[in-house]
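Below is one structure, written out as C-alpha cells, with a few remarks after it.
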Amino acid sequence: MSKDPNKRMMPPVPRDHDDASMSELMPFRSSKIKMFKSPVVLFMIVAGLISVLMYGLMIQVLTNPNGQGFPAFKLFVIVAVFSMLLMMQVGIYAYSRTDRPIWGHMAAYVITIAQMISPIIALYFFVFRKLLPGGIIEGPNPQFIPQFIGMFFGAGLMEELLKAVPMLIGAGLTLYAAKQPGLTKNFAFKLLNIRGPLDAVVMGVFTGAAFIMVETALEYVPDFAMKIGTQGGGYGGGIAAGMLLLLPRVMGGAVGHIAYSMIFGYFIGLAVLRRKKFWMLLGIGWGVSSLVHALWNSVGVINPMLQYGVALVCAIFAGAALLKARQIDAAELGRENFTSGSILVDRPTPQPAAVAAPAYNPAPAPAPAKRPSAEQPLALDIDGMMLPLRGGASLDLGAEPALGGRGKGVVGQIVPHPSRAHVLGLRNGGTIAWTARLRDGSQQVIEQNQNIRLAPGVQIDFGGGLTGRVVPLG
C-alpha cells in the first residue's frame, strides 16, 4: 500500500448481487453469524451426537437378553429423557426471545440436579415429610383431603422450593447488587441474576426439566421396568413397560413440574421488579405452584378424569405466566419482542375525534393543550451540567470537559420505546454496571446493553461518585 498521502486510493468495487459470495456458499465461514451462540445449533449438535449413542445402546439392549442388557437400557433411558427435555427447553427458550445467554439457565439445571442426587435432599425430606405433615397416603381407598394435605406439604411445598433455589439465588444476587454495584462483576451474578419475570420463568423451565430428568430417568422408568421384569413379565416385558412409561412421564412433566416452576418463577421475577411486595409475591408464587402440584397428585382418588382439568389449568397458568413475562419485559425494559399477536405491548391510547361545533354558533379556537409530562423533553443533570436527552443520540460522559475525566468509560445510547416513541430509555454501552434509583424509591441495576427507562426524578449512579438526575428540560 502506498504511503503517499496525496495519492488517491481506488474506491472499492461494488458487489455484484447477482453472484453468490463465498460466505453465502459456505455459511459456516461467515463472519456475520455466530453459530455457537444459537441454542438451535446447540440442540442440533447434541441431537446428532446422541442419536449415534442411542443406536449403539439399542443394539446392546436387544442382543443381551436375560437382564444382561439392563444397564444399557438404563443409559438409553437417561439419554432419551435428556433429549426430549432438551427439545422442550430450547423450544421455550427460543420462543421467549430473551437476550440472556442459555448458559445461566443450564447452570440452574445443574444446580437442581445436584440437590436431588446429593445428601442435601435428606434435609428436604426431614423438614417437609417428618416435621410437616407431608407424604403419600398408602392404602387401597385413600381419601382426598388427607391425600391432598400430604401432597401439598410433601410434594408441592418441598419440590417447588427445591426447584426454585437457583431462581431465589439469582433474585438475591440482583437485590444485593443494587446496594453493592461491584457484585455485578461477579461470575455467579452474571450467570444467575434475575432481572424480571422473563428471566425467572425461562429459568423455571430448566429447573423443572432437571427435576423430571432425575425423577423419570433415574427412578421411575428403570424401577418400573425392573419390577415388571421380575414379576413375570421377563426381560423383554420389563423393557417394553419402561418404554411405555417414559413418554407420559416426560410429557406429563411439561404440564407438571415445568409448569409449576414457570408459575413460581414468574412471581420470583415479579418480586424483583415490585420490591415493596417482595415477600408477598414470593408467598403467592410458592403457594399457587404448590397448590396446583398437590391437586395434580391427589384429585385422581376422586376421579381420574379430574386430572384432565388440572392439566388444563396448569397449561393455562404457565402459558399466561410466560406471555405476561414477555409483555412486562417489552413494556418495562423496552426490548423488542415479536409476539405473533399474542401479546399487546403498551401503546398510546388513541384520542377521540373532536366533535365539530355547530355552524350557527362557532366555538372559539381552544388554546393549545399543554403537552403531557410524559412527552416533555428531558435532560440529565450532572453537577449542574444539563445534557439534553433526545432519541437516537449518544451519551459519552468521558468527552465532557466539565467532568474532568470522571466520566471516562461511561457511554450509552438514548433509545425510544418500540411502540411509544415519546418514551425514552438509556442503554448502558460501557462495561461498568450502573445503579438507578427509580421514582418509587426502588433500585435497579443496569448492566451492559441493558436499558433504564428515563423519567423525571430517576437518578443514575454511573460509578466513581458520578451521579445524574433526569429532569424536565426547559
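The values are calculated or read from the model by the stated rules, or taken from the named source; none is laboratory data. A quick note: this is a predicted structure, and the numbers were derived from the prediction, not measured. Cβ atoms come from the backbone with ideal geometry, glycine included; neighbour counts cover every protein chain shown.
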Which count do you get for residues in the range 304-331 that are more than 20 Å from the chain's Cα centre (by Cα) and surrounded by 19 or more Cβ atoms within 10 Å (Cβ to Cβ)? 1
Can you tell me which residue is nearest to the chain's Cα centre (by Cα) among those in the range 63-77 that are part of a helix (DSSP H, G or I) and surrounded by 13 or more Cβ atoms within 10 Å (Cβ to Cβ)? V77
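Can you tell me which residue within the range 433-454, out of those that are in a loop (DSSP other than H, G, I, E, B) and in contact with a helix residue (DSSP H, G or I) (Cβ under 8 Å, 6 or more places away or on another chain), is farthest from V411 (Cα to Cα)?
D440
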For the range 236-254, which residues satisfy the criterion of being surrounded by 21 or more Cβ atoms within 10 Å (Cβ to Cβ) and over 14 Å from M213 (Cα atoms)? G238, I239, G242
Count of residues meeting criterion [under 30 Å from L273 (Cβ atoms) and at pLDDT below 90] in the range 139-173: 0
Hits in the range 214-247 - residues which are β-branched (V, I, T) and over 30 Å from V110 (Cα atoms): I228, T230
Going through V411, V423, V415 one at a time, which residue ends up being free of Cβ contacts under 8 Å to residues at least 40 places away in the same chain and either farther than 26 Å from N186 by Cβ or of a type in the set (V, I, T) (or both)? V411
Of the residues that make up the range 450-463, is at least one on the phi > 0 side of the Ramachandran plot, surrounded by fewer than 13 Cβ atoms within 10 Å (Cβ to Cβ) and touching a Lys or Arg at 6+ places or on another chain (Cβ under 7 Å)? yes
Given (1) assigned to a helix (DSSP H, G or I); (2) surrounded by 14 or more Cβ atoms within 10 Å (Cβ to Cβ); (3) more than 30 Å from the chain's Cα centre (by Cα), identify the lone condition not met by F126. (2)
State whether one or more residues within the range 256-273 are in a helix (DSSP H, G or I), surrounded by 20 or more Cβ atoms within 10 Å (Cβ to Cβ), at pLDDT below 90 and not aliphatic (A, V, I, L, M). no
Among the residues of the range 12-32, is any among the basic types (K, R), modelled with pLDDT of 85 or more and more than 30 Å from G233 (Cα to Cα)? no
Could you identify the single residue in P71, P101 that is in the same structural domain as A241 (by TED's automatic domain parsing) and free of Cβ contacts under 8 Å to residues at least 24 places away in the same chain? P71
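Please determine whether any residue of the range 145-167 is outside any helix (DSSP H, G or I) and small (G, A, S).
No; the residues of the range 145-167 include none that is outside any helix (DSSP H, G or I) and small (G, A, S).
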For the range 196-207, state whether one or more residues are surrounded by 24 or more Cβ atoms within 10 Å (Cβ to Cβ), of a type in the set (F, W, Y), in the same structural domain as R326 (by TED's automatic domain parsing) and in contact with a Phe, Trp or Tyr (Cβ under 6 Å, 6 or more places away or on another chain). yes
Has the range 288-303 got at least one residue that is farther than 15 Å from A155 by Cβ, of a type in the set (A, V, I, L, M) and either over 17 Å from the mean Cα position of the chain (by Cα) or modelled with pLDDT of 95 or more (or both)? yes
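If we keep just the residues of the range 365-419 that are among the polar types (S, T, N, Q) and surrounded by 13 or more Cβ atoms within 10 Å (Cβ to Cβ), which is modelled with the lowest pLDDT?
S419
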So which of L281, L270 ends up being free of Cβ contacts under 8 Å to residues at least 24 places away in the same chain, touching a Leu at 6+ places or on another chain (Cβ under 7 Å), over 30 Å from V61 (Cα atoms) and of a type in the set (A, V, I, L, M)? L281
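Take the range 35-52 and flag every residue that is in contact (Cβ under 8 Å) with a residue 24 or more places away in the chain and surrounded by 13 or more Cβ atoms within 10 Å (Cβ to Cβ).
Kept after step one, since they are in contact (Cβ under 8 Å) with a residue 24 or more places away in the chain, are these residues of the range 35-52: 37, 39-40, 42-43, 46-47, 50.
Matches in the range 35-52: P39, L42, F43, V46, A47, I50.
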